[in-house]
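Here is the structure we will look at, set down as structure tokens.
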């Protein structure tokens, strides 16, 4: 399989199956948290939730395996950190869903790099982020200086 095919497949797995499984997990979390759900049903839902978490882990491992052969050694470490941060963020969202009664959430990311969110030919990451945030009726703010970049995303939050 060519490098381009591996990258495309990894992207499809990430943006498709992995995200669908995560969404399904959130739906099950919501059902578990619904008042009046019988104990037996909650127990079964928890079992399904654990199975979904295992599937997400397996899909992500495959994604990283596909990307691993196309990236340099340092990128593998970055992928591991990225994966762990995604897990942390997913847990934070679950906590918001279950406990906060929030009406909006804000995600902020600060780095101490050299700045430079200038769009590069063939790189559409920021455009994709902006489109996704707009689809969520949210706002995206990017501030970039030679001392780093600050990205802030705010979206409405509705507990279901």
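All of the numbers you see were taken from the coordinates with simple rules; none came from a lab. All of these numbers come straight from a predicted model, not from anything done at the bench. Here Cβ is always computed from backbone atoms with ideal geometry, including for glycine, and neighbour counts include all displayed protein chains.
Tabulated data
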quantity	calculated
Acute angle (nearest 10 degrees) that the helix 39-68 long axis makes with the longest principal axis of the chain, alpha-carbon atoms	20 degrees
Euclidean distance of C-alpha centroids, region 80-97 and region 1-50, integer Å	14 Å
Helical contribution to [θ] at 222 nm, DSSP H n ≥ 4, -39,500 (n - 2.57), averaged over the chain, rounded to 500	-19000 deg cm²/dmol
Angle in degrees between helix 73-95 and the longest Cα principal axis of the chain, rounded to the nearest 10	40 degrees
Shape call, the chain: gyration tensor on alpha carbons, a/c limit 1.5	oblate
Relative exposure of 145, 106, judged by other C-beta atoms within 10 Å (fewest first)	145, 106
Ranked list, fewest to most other Cβ atoms within 10 Å of each Cβ, for 154, 34	34, 154
Between 0 and 90°, nearest 10: helix 19-33 axis offset from the chain longest Cα axis	30 degrees
Sorted by Cβ neighbour density within 10 Å, fewest at the top, the residues 150, 99	99, 150
